[in-house]
Structures are given as structure tokens and as C-alpha cells.
Amino acid sequence: MMKKIEILAPGGSKEAIYAAVYSGADAVYTGTDRFSARAFAENPTVEELCGILDFAHLHDKKIYLTVNTLLTEDELEGSLYAQIAPLYEAGLDAVIVQDLGVMDFVRENFPGLDIHASTQMTIVSGAGADQWKRYGVTRVVPARELSIDEIASMRKQTGLELEVFVHGALCYCYSGQCQMSQVIGGRSGNRGMCAQPCRLPYTVNGKNGGYLLSPKDMCTLGRVGELIEAGADSFKIEGRMKKPAYAAFTSYLYRLYADAYLAGVPKTDAEVRRDVRRLADIYNRGGFSEGYLFEPSKTHMIDTSRNGHFGVCVGEVVNVTGRAAEYRLTERTHAQDVLEFRDRTGQAVYEYTVKEGADVSARVTARYQKKSAVRAGQKVYRTRNNKLLEQISDIIEDGKKDSQIRIRGVFTAECGHPVTLSLAFREFSCEVSGACAERAQGRPVSAEDIKKRLNKTGSSEFAFETLDVRIPDGVFIPLGSIAALRREGFEQLRACICDGFHRTEEERKVRKRAGQPAERMCPDQKERKHAGFTLIGVTDFEQLGAVLSCADVTAARVGVHLKLDEFAPDTWERLSEETGDLSYYISLPAVLREKNSERFLYWWERYGTGLAAGNCAGVVVQSMDALPVLSRMSGTADWEILAGEGLYVWNRRTARVYRDFGISGNIYMAYGRTKVMMTEGCVKRELGGCRLAQWDKSWNTIATPKNDEFLVVNYCHYCYNEIYEKKPSWHEPSGRQRLDIPEIAFSFEDASEVRKVLGQWNCLS
């Protein structure tokens, strides 16, 4: 029999955590008020989370802390320790991290604490996952863009646990590679403050494109069997910004479906359709898709008509008279349901709360406000299902009762001695004593009297599985004292169990002294290896020619950065020839999933020998998953490795981790267009213009309602997109960038623009 699948629920608030635990979740991921990618959730405080840890462990559940943002030097070496230390001592089960410096910090300072590599690390291969074992990583959350076949392949390649997103919202961007929120509004998604610009309506080349970057929510309830067979260890549900009812119901259904499959009685198609619709009633954005996992064509993952909760269609307006709209129901409604009338574009024109429910096919009349543009033929959607919310409340309450901890109890009394109550759960036990038992002067107390009082556990976390009452005949015990004895016993047993999950004194002996900065890990400006060196990035032969024609450039200490995903493979040998005596660095494709890696390696062996044999100084990698691919490329063993702008360096620990992997320097963009997204989603595909495997560089211009403009570049040969700011600009280095290698990154410039920019650079330098 397969092992039980972990259902991992979102805990955006204390109430959501409790609701998820009572509804079937095995673990909950949550953040505090700092260092979480959901800074605007109702995150519990550190003190509250310590109590939540005790609650979870009492019920044999786990809590994972999200520390999945990029941290500055001061944050990493200062306040982070103060945040994690009390949770570590209280038995925190794992941390989820994005920042490599945070990973190194946790490994060093909190021994034995499991580290989970966040989806924001964009891990796309088994080899990419395995390289983090030496940093204490026990589980990876693969990039959400992977297919079910890629998950199965990763399972075969790594022994690490796989935590796979199965339900909820999707980012348009490869997780962790999004700068759009920062560029548009100064709110960094990598700092937990994403303003969700992907949920805005966009124009495309000046024409309305709708919500072009807003994927539908994912729902894989009907595919749990395939996920289990592929090797997923944990089913992760997105939704820390959503309400407790959402956390409860999604946990309940995925637990139910996973258990049914493991028991050999998978749910029927009819049951799947029913429950998916119920999930849609709770929350869906644009309807549901099965995500990248099960949508190989990716043509049904975007609904451009609407943002926010879509609801479910329950009827249609059949007649409008005056200010009264008559609609026919296709689904039953209930009192306190919220209904919304929508026009043909999907926009709401009227919303109201139902006073009395009605059955399917009923014709219902609703009066609407004077200015509401209600018309016959409009669809009626339900955005709040009150009956379902009541059912979810019942699920939580039933789960609360069922989750009472079944304990063993022994009550003992002997005349002239204090009564005792011994309690036990698994290996944990305690004993409390109460009032003295006396010889009865009147009616003696019976064993049944005592059992009755002790079994009044009510809403307590405990309930008796067995209860043995050992009293002599003719004894008197004040029955009023029994309840107090039970309460004291429960409190002591609870403390005993919780202490069993708290870390021991030996485990608490961490090497970090709070507030003391780490050793100096990076050289200063004068000491650094690449001082005075500049990279010039080019994307076509015209730009390369313009660079080589500048005498000031060729005389300076520079290297040319050849972005190989911009050049057809059969031109690679020409690249080495035309660079002449100027040293050059090549960069690997930004996305190196298994299919892309094998394609690139094939082309490298066929066309890359000239590049390897030329004046190549090294390679630029845009992701850590590129390193296993690099190790398979012939002729590259002695190359210098540089980290591209896609690899973030916010603190010295991260720089040290890169050095441990053989990366000798980091690049920052001194001039160019900021890359705000790297996407599996494709605007060209959404517009019906997909031409797979074409090497011509094409793009579309998209714009927000406030006219923030971006260029969407299609890399069709590797099947991914990159989105850039439309206008290039010069950037002053800040913080750690002062120690990095500046790059003049050309993208869409022609020869004359290249020469102009290089002239400015010579003046600036």
C-alpha cells in the first residue's frame, strides 16, 4: 500500500490554521508578520504561533514557517534569528525558504530543522533539486510550470520529498522571477508585498487584451490518483490570503479524495464534477484549469474577461420590466446567497442578497437599482453560497469532535488518602491528586458517578478511550472536586505532550549569538577580482558588429556576453569567429527544464565546439538548475561561472553559497531593460499566433491601464517568454551590487543605438 499523502493547507490566519487542522489537513504552512511572501495576510505573531505549534502537535499535525522572501544583510544577521529561535524551541517542523542566504543561516544556526526549498527557487529538475541536499534541504517545491510527466521524472531522479501545488491561484511568472510589482508600484513580490499587476487588464499593441496575464485558478481534484502515482509526497493548496472556510473545504476534499484513491475506491466522475463545482462556489478565478500539470497545450488556462472570484452560473435573465428583472434558475439557491448579474463582457451590473431560496427551473423576480444596466440574456452568477458555508462550518465542528485525543485514564481512591487520576497518551503520562476519600456517612459514591463526571469533557482536546475507576465500597468523594481534578489532569497531560515536541536543551545549543554579525564574507571594492571589468550583452550580429567597431570598447577591459537563446544554433560557430580577440561569455537559456536541457545539449554538441574552442572566458547562468546542465557540456570544465541578474544576491551569505558552487562573480545591469517576468504563459499563444520552433525574435507591446508599457519577447524555440520594461535606462549600483560586475545589456537596440550607448558608457566610466 502507498504511504499516506500529506495534505498541506494554507494558514493565512490563526482561524484558518485551526479550520484546516479540524478538516483533514496534515500540515499547515504559515508566516508571521515578517519575511513572508504574503505580508498582507492576517499572519499570526511569533507568540501566537508558539501556541499554534502546541495545538498542531497535540493533534499530530505539522507547521511549516514561510521565510520565503529575500533578506537584507541586517535582517538576515539580526532580526531573523529572533523570529525563528522561539519557534525552533517550540518544535517548529520546517522552514520554507527562497533566499540561499536564509537557507545557509538556518542550516548553521538551527540544527535538525527541516528546510524546504520554495517554489520561488524555480527548481525544475531532479539534478537541480539534489544539489541542495548538502545545505540541509529535505523537501523541494518544484516550479509550478512543470507537467505531471516532469514531476514523475523528478521523483525518479531525487530522494528528496516533493511538495506539489494542486489547487489555487497561479502566478503568470515563473515563481521568484517577477519584478513587475516593484517596477510598477515599488512593492516587491520578493519582499512579500506583491500588488498583483498580473491581475490587471492589459492592451496588446494598443488593442484591448483583457486580463491577459491572469491565469485561472488550478483544481486537480479529479487527478489526485495521477499525482500520487507520479510520486508527489505532499499536496499543497495555495491560499494564505483566503478565508478559513476555503482552507477547511479544500483540505477536507483533497484528504477525502486522496484517501479514497489509496483505499482502492477512487471517486467517480459524477462525484468529481459535483465537488469541483462546490470548490468553485467557495472561490475560483475565471473558472478552473488543471494547471500546467495537466494542460499541455496551455490554451485554456487564461480567462481574459474578469479578475477576482468568478462564482458559478446559476441562471439567466429572461425578462426585464421597469426595474424588475426576472431570471430562471439552473441551480438551486438559498437564503443569504449573493447573486451577481453580468453583461456579455463578464462585468457585474447588479448584485443582491437572496432573501428566500428557490429550486432549479424556478423563475425569480429581483428588483434592481435604477442605474443598473440589467438586460435580458444576461447570466446570473452566485458569488456566495450560504448553504455550503453552513456545511463547511459543520465539517469543522465534526472534525473538532473527531479530533479529540483519545487517552487512557485510571481513577483510584482509598479511604484516608487523596484520590489520584492517572492519564496516558502514547508514551506520555501524568498523575494528579485531589481531595481525600472518606468513609461514607450517607449514600456512598459509585464508580458510575465518578465516570459520569470525568467523561464530561465537553469541548476539551481530550476524551477518554478507556477509563478505569478503582474505588472501595462505602467511600465518599466530593463529586464537585472531580471536574477540577479532570481539568488539572488535562492541563498537565497537555503540557507533557507539548514538551515532548519541544526541542531538547542539547538541540537548543545553536552556534549563533543573537545580534552578532557573521564573518566578513566578501571583499571590498578594491579587493574584488573583477574590479574595472564590464560585460556587454548582445542579442544579434548587428549589435555585435557595432560593439566590435568601437575602438574605445575593444581597448577597454570588457567581455562580450553572448546570449545563446537569442541565436540559432547553426550560427554559434560564426559567433566565435566574429568576436575576434575580444573575450566572451556565453549564457545558457533562462529556463532549463528537462526538455530544454536535452535540446540545448544536443545543439551544443553539434554546433558549440567552435564556441568552446574560441576565446571563451566563461559562462553566465540565470538559474542554479543550469549548473547540472553545464557539467554535461563538453569543453567547459575550466570556464569561469558568473551569476546572471536572475540570481538574486541580497546578502553576503548568498554570495558565499554561490562561491561554494564555483560561481566567482555576480552581474548587475548597469544599462538595459529590466526583465520583469520570465513566463511559461505566452501572450502570442493567447492571441492565436503561436508558431513553435521559430527562431525569429518577435514581441508584443502590452500596457497597463496607467500606460506602464512592457515588451513580451517570445523564445519559441525553448517555449518560454520574457517580459521587459519597454524603455531602457541606466542604473546606479546599490548595496551589494557595488561589488558586482556591471553589464551593458542590449536587447532591441540597432547598431546606431548601440554605438550611442557605448559612447555614454565611455563618458561615464
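The values are calculated or read from the model by the stated rules, or taken from the named source; none is laboratory data. Bear in mind that the values here come from a model prediction, so they are computed numbers and not experimental data. Every residue, glycine as well, gets a Cβ built from its backbone with ideal geometry; the counts of neighbours run over all protein chains shown.
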Subset of the stretch 280-308 that is in the same structural domain as E145 (by TED's automatic domain parsing) and part of a strand (DSSP E or B) - its residue that is surrounded by the most Cβ atoms within 10 Å (Cβ to Cβ):
S289
Out of (1) more than 30 Å from A751 (Cα to Cα); (2) acidic (D, E); (3) at pLDDT 90 or above, what's the single condition that is false for E506?
(3)
If we take the stretch 1-113, then helices (runs of 4 or more DSSP H) inside it with 2 or more residues that are within 21 Å of M241 (Cα to Cα) are 14-22, 46-58
Can you confirm whether R653 is assigned to a helix (DSSP H, G or I) and in contact with a Gly (Cβ under 7 Å, 6 or more places away or on another chain)?
yes
Selected residue (only one of V629, V657, V683 is within 30 Å of M180 (Cα to Cα) and either over 33 Å from the mean Cα position of the chain (by Cα) or not assigned by TED's automatic domain parsing to the domain that holds V757 (or both))
V683
Number of positions in the stretch 133-157 that are in a loop (DSSP other than H, G, I, E, B) and either crowded, with 21+ Cβ neighbours inside 10 Å or not assigned by TED's automatic domain parsing to the domain that holds Y257 (or both):
6
Of the residues that make up the stretch 446-458, is at least one crowded, with 18+ Cβ neighbours inside 10 Å and assigned to a strand (DSSP E or B)?
no
Within the group G608, G635, which residue is buried (at least 23 other Cβ atoms within 10 Å of the Cβ) and over 30 Å from V102 (Cβ atoms)?
G608
Limited to the stretch 363-390, what total is found for residues that are surrounded by 14 or more Cβ atoms within 10 Å (Cβ to Cβ) and modelled with pLDDT of 95 or more?
13
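Yes or no, residue by residue, for (1) more than 30 Å from V757 (Cβ to Cβ); (2) touching a residue at least 24 places away in the same chain (Cβ under 8 Å); (3) among the hydroxyl-bearing types (S, T, Y); (4) in a strand (DSSP E or B):
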residue: V629; (1), (2), (3), (4): yes, yes, no, no
residue: L642; (1), (2), (3), (4): no, yes, no, yes
residue: V649; (1), (2), (3), (4): no, yes, no, no
residue: V657; (1), (2), (3), (4): yes, yes, no, no
residue: Y671; (1), (2), (3), (4): no, yes, yes, yes
The stretch 312-372: strands (runs of 3 or more DSSP E) wholly inside it with 2 or more residues that are under 20 Å from N284 (Cβ atoms) are 312-321, 338-342, 348-353
Qualifying positions in the stretch 381-418 - more than 30 Å from V349 (Cα to Cα) and part of a strand (DSSP E or B)
I405, R406, I407, R408, G409, V410, F411, T412, C415, P418
Taking the condition surrounded by 20 or more Cβ atoms within 10 Å (Cβ to Cβ), among the β-branched types (V, I, T) and either in contact with a Pro (Cβ under 7 Å, 6 or more places away or on another chain) or over 19 Å from C198 (Cβ atoms) (or both), does I96 pass?
yes
Within the stretch 239-261, of all residues that are aliphatic (A, V, I, L, M) and assigned to a helix (DSSP H, G or I), the one farthest from the chain's Cα centre (by Cα) is A260
When restricted to R375, R344, the only residue basic (K, R), out of contact with any Phe, Trp or Tyr (no Cβ under 9 Å at 6 or more places or on another chain) and in the same structural domain as Q391 (by TED's automatic domain parsing) is R344
State all residues of the stretch 174-216 that are among the basic types (K, R) and under 21 Å from V67 (Cβ atoms); if no residue qualifies, say none.
R187, R191
Contacts under 6 angstrom Cβ, first residue in the stretch 84-99 being assigned by TED's automatic domain parsing to the domain that holds I123 and under 29 Å from Q177 (Cα atoms), partner among the acidic types (D, E) and not in a loop (DSSP other than H, G, I, E, B), 6 or more apart
A94/D114
Just a yes or no: is a residue in the stretch 331-338 modelled with pLDDT under 95 and out of contact with any strand residue (DSSP E or B) (no Cβ under 7 Å at 6 or more places or on another chain)?
no
Only one of G264, G210, G206 is over 23 Å from the mean Cα position of the chain (by Cα) and crowded, with 16+ Cβ neighbours inside 10 Å; which?
G210
Restricting attention to the stretch 221-238, and to residues there that are assigned to a loop (DSSP other than H, G, I, E, B) and surrounded by fewer than 24 Cβ atoms within 10 Å (Cβ to Cβ), which single residue is farthest from the chain's Cα centre (by Cα)?
G231
